[in-house]
Amino acid sequence: MSLPSQQRSFGSRVSGSRRQGGGPARLIIGAIALVAVVGLGMLAFGGGGGGDDTAQEDHVSPDLRAQAADSLREPAPTPADDVALVEDDGFVETGVLTPTRSSYQEPQTARPNVPSGALVATHRDRPATSEQTRPERTQPAPAPRPEFAGDIAGIMDQAREHLQNNDLVAARATLNRAFTLPDVTPAQLAVVRDDMTSLNEELFFGTRVYEGDPLAARYTIQPGDSLEDITSDLGLACDWRLIQRINRIANPDRIRSGQTIKVVQGPFHAVVDKSDYRLDLFAGPPGSRDQLMYIRSYPVGLGADDSTPVGEFVVRPDSKLINPFWQNPRTGEQFQPDDPANPIGEYWLGLEGIGDAATIEGYGIHGTIDPDSIGAQDSMGCIRLDDVAVATVYEMLEEQVSQVSIVP
């Protein structure tokens, strides 16, 4: 199945069938404008007879003639029927049910003023290895698109039909069924993940709420509300910064009563596939794999010598830290908050083993100052993400609720 972006443009505000042209009318208006310009030039020199033809021609400047000529060729402007309303406080409020893809800046999270040693990330990790000691990696050749037959082929066909009917919610739900098929191949699931990531860029991370979406809703801000209070009071099971990110709110302290924002419903969970160096994010109730909805994936770095443990984990209580202090457990070297040399980057989420992994501790998910370590085995066993990925994962995973499955 082709990606939604290959079938229609989320960034286009008006489809081709809705363009308001006015081609003949624009030609007439442009011609009148050109005649008027030339006529005024002629009048300025006493009319069409007896004047200096050269002076008359020079009076109509080349730039002006070019503009008039261009007006005859210029296509009709496209009306913007879904322009976002940008409030003066940086809050963006948009319409509903109109697909659009837009780029935005990641919200800037203020660094807390943390006293030395106040937030300590206790885990097994190490500073990035040097280029001389890092094992060489080869980039795999792009895999050919797999064949689809049987149940997975039916799912792809149904999803394509929903897309043709502009029903993004139904298309996503249909594609998600592929994760429960017993005979689906990794190559086929890779296509499904790509298609659902494209859909969720609009459905989940976009500002609009689509009818029938079980993960999103609208909320009207009440007097005295804060994003943190809203997230807690509604039981969204995520960090309030995720709501800030989705709504493109530049300053969370300047939201106003009466504004309408989009909220998304957690909890969210992660599956780390060691063989593919990939972390998948899902939404749904804990412990119910068949009820989870895929959101998106990120590439990860893993532990050297295959040291990242396999098993079931939960985000440990009181373990989510921003801009943490870190001490290397092997060398004793310390890195203070705001230190650009801190190997674990800006975010840390501790993991606590459950079930057969209950005795495993000291591991976590965190950022890195060495982006080249993503896709390699370079850490002391922890899971590394790049800056953008780790911020999103931090915002989505909740302490004591979100489960993290690490599979071979």
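The values are calculated or read from the model by the stated rules, or taken from the named source; none is laboratory data. Only a predicted model underlies this, so the values are computations on that prediction, with no experimental measurement involved. Quick reminder, even Gly has a Cβ in these numbers, built from the backbone with ideal geometry, and neighbours come from all protein chains shown. SASA here: full protein model, heavy atoms, side chains in, ligands and nucleic acids out. Shrake-Rupley method; radii C 1.70, N 1.55, O 1.52, S 1.80 Å.
Would you mention how many residues in the stretch 227-240 are in contact with a Pro (Cβ under 7 Å, 6 or more places away or on another chain) and either more than 15 Å from VAL393 (Cα to Cα) or part of a helix (DSSP H, G or I) (or both)? Full working, then the answer.
Residues of the stretch 227-240 in contact with a Pro (Cβ under 7 Å, 6 or more places away or on another chain): 227, 237.
Going one step further and asking which of them are either more than 15 Å from VAL393 (Cα to Cα) or part of a helix (DSSP H, G or I) (or both), we end up with 227.
Final tally of qualifying residues: 1.
In the stretch 376-389, is there at least one residue being of a type in the set (S, T, N, Q), touching a Gly at 6+ places or on another chain (Cβ under 9 Å), assigned to a helix (DSSP H, G or I) and open to solvent by less than 50 Å² (accessible area, probe 1.4 Å)?
As a first pass, look at the stretch 376-389 and keep what is of a type in the set (S, T, N, Q): 377, 379.
Filter once more, so that each one left must be touching a Gly at 6+ places or on another chain (Cβ under 9 Å): 377, 379.
Restricting the remaining residues to those that are assigned to a helix (DSSP H, G or I) gives none.
Among the residues of the stretch 376-389, not one is of a type in the set (S, T, N, Q), touching a Gly at 6+ places or on another chain (Cβ under 9 Å), assigned to a helix (DSSP H, G or I) and open to solvent by less than 50 Å² (accessible area, probe 1.4 Å), which makes the answer no.
Under 7 Å between Cβ atoms, which residue pairs at least 6 apart in sequence (or on different chains) link something in the stretch 248-262 that is at positive phi and of a type outside the set (Val, Ile, Thr) with a partner that is modelled with pLDDT under 95 and not in a helix (DSSP H, G or I)?
ARG248/VAL92; ARG248/TYR104
Go through the stretch 151-176 and give me each residue that's more than 23 Å from the chain's Cα centre (by Cα), open to solvent by 60 Å² or more (accessible area, probe 1.4 Å) and either on the phi > 0 side of the Ramachandran plot or modelled with pLDDT of 95 or more (or both). Please lay out each step first, then the result.
Taking the stretch 151-176 first, the residues more than 23 Å from the chain's Cα centre (by Cα) are 151-158, 161, 164-165.
Checking the rest, the ones that are also open to solvent by 60 Å² or more (accessible area, probe 1.4 Å) come to 151, 157-158, 161, 164-165.
Correct list: ASP157, GLN158, GLU161, GLN164, ASN165.
Restricting attention to the stretch 352-375, which residues are hydrophobic (A, V, I, L, M, F, W, C) and either part of a helix (DSSP H, G or I) or touching a Pro at 6+ places or on another chain (Cβ under 9 Å) (or both)? Working first, answer last.
Step one: of the stretch 352-375, the residues hydrophobic (A, V, I, L, M, F, W, C) are 354, 357-358, 360, 365, 369, 374.
Hits for the stretch 352-375 are ALA357, ILE360, ILE369, ILE374.
Looking at the stretch 263-290, I want the residues that are under 18 Å from GLY350 (Cβ atoms) and in contact (Cβ under 8 Å) with a residue 60 or more places away in the chain and have a partner that is open to solvent by 30 Å² or more (accessible area, probe 1.4 Å) and aliphatic (A, V, I, L, M) with Cβ atoms under 6 Å, at least 6 apart or on another chain. Which pairs are those?
Going by the 6 Å Cβ cut-off, the qualifying pairs are PRO267/VAL401.
Scan VAL191, VAL184 and give me the residue that is more than 17 Å from the chain's Cα centre (by Cα) and either at positive phi or in contact (Cβ under 8 Å) with a residue 60 or more places away in the chain (or both). Even if it seems obvious, please write down each step before you answer.
Numbers: VAL184 fails: either at positive phi or in contact (Cβ under 8 Å) with a residue 60 or more places away in the chain (or both).
Every option except VAL191 fails the conditions.
Restrict the check to the stretch 297-306 and report whether at least one residue is on the phi < 0 side of the Ramachandran plot, of a type in the set (Asp, Glu), open to solvent by 60 Å² or more (accessible area, probe 1.4 Å) and touching a residue at least 12 places away in the same chain (Cβ under 8 Å). Talk me through it step by step, then tell me what you get.
Restricting attention to the stretch 297-306, the residues satisfying the condition of being on the phi < 0 side of the Ramachandran plot are 297-304.
Pick out the ones that are also of a type in the set (Asp, Glu) and you get none.
No, the stretch 297-306 contains no residue that is on the phi < 0 side of the Ramachandran plot, of a type in the set (Asp, Glu), open to solvent by 60 Å² or more (accessible area, probe 1.4 Å) and touching a residue at least 12 places away in the same chain (Cβ under 8 Å).
Quick check on the stretch 390-406: of everything there that is outside any strand (DSSP E or B) and of a type in the set (S, T, N, Q), which residue is nearest to VAL300 (Cα to Cα)? I'd like the intermediate steps shown before the answer.
Taking the stretch 390-406 and keeping what is outside any strand (DSSP E or B), we get 390-402.
If we keep only those that are of a type in the set (S, T, N, Q) as well, we get 392, 400, 402.
Working: THR392: 13, GLN400: 22, SER402: 18 Å.
So, considering only residues that are outside any strand (DSSP E or B) and of a type in the set (S, T, N, Q), the one nearest to VAL300 (Cα to Cα) is THR392.
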